[in-house]
Amino acid sequence: MAKKRNEDSNNRKQRAAAIREAQARKQRAVTFTISVVTLVIVVVLGLVVAKSMKDSPKADPSETSGLASAATVNAIENVSTSTSDSIGAGSAGNPPKAVSGDPLTADGKPRVLYVGSEYCPYCAAERWGLAIALSRFGTFTNLGQTASASDDVDPNTNTLSFHGATYTSKYLSFTGYEEQDRTRSKTLDTVSDADQAILTQYDKGGSIPFVDLGGMYVSSGASYDPGILAGMTHDQIAKALAD
């Protein structure tokens, strides 16, 4: 009997050790994935800034909202790694900051949380880099396009919209909220109570855009000046990403 009890005890210890090791492997995978996504976002924002500051033909911004064109989506999904590597971190400011807390996950994968509004010019700037970075790891369906408000700073900045879009990835989960439309007259997405708690915890100033990368990094506010996209059409911005 004593021998059997010892064997049972050893088996329980082995199972417990195996569970701890599996949990540790999962946490390492989450940490690695989010770190890679964060690096890609910073690099891509540097790419947007570097190209947009160059002289380029200007056009009147389109104020129509709808689905992003196939050409725009293709440009977002196919920015080459060699292009982004050659730019490096660029001169983008306000990079994501490390935070300590519980991992942010969904369906067993690290989750990226974005909260913004279509009227917001700073969100307009940020969405380009975020969409490109996420497209390295998955695919958007029904990605939208719109422009920021006509009565705010940097008016009519052409941009994307996550309202109504879905994101599919083996590596990441993504939640994108656009709280209001570009005219501030219509509520689009309502932030869940759980995600509102994250905003309350980390976004003390209430700035948008807000991005939480797996509970490991957060950013609040734009990483670069939306004014450098002034007058550029969706097509011009999309083409600039490949340079």
What residue, among those in the range 230-243 that are assigned to a helix (DSSP H, G or I) and over 19 Å from the mean Cα position of the chain (by Cα), is surrounded by the most Cβ atoms within 10 Å (Cβ to Cβ)?
Ala240
Which one is farthest from Gly101 (Cα to Cα) among residues in the range 167-182 that are at pLDDT below 95 and open to solvent by 70 Å² or more (accessible area, probe 1.4 Å)?
Lys170
Would a scan of the range 193-208 turn up a residue that is in contact with a Leu (Cβ under 8 Å, 6 or more places away or on another chain), open to solvent by less than 20 Å² (accessible area, probe 1.4 Å) and either more than 19 Å from Ser220 (Cα to Cα) or not β-branched (Val, Ile, Thr) (or both)?
yes
Can you pull out the residues in the range 148-166 that are within 18 Å of the chain's Cα centre (by Cα) and open to solvent by 50 Å² or more (accessible area, probe 1.4 Å)?
His163, Gly164, Thr166
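The values are calculated or read from the model by the stated rules, or taken from the named source; none is laboratory data. All figures in this text were calculated on a predicted structure; none of them were measured in a lab. Note that each Cβ is placed from the backbone with ideal geometry, even for glycine, and that neighbours are counted across all protein chains shown. Just so you know, the surface numbers come from the protein's heavy atoms only, side chains and all, with ligands and any DNA or RNA stripped out. Shrake-Rupley method; radii C 1.70, N 1.55, O 1.52, S 1.80 Å.
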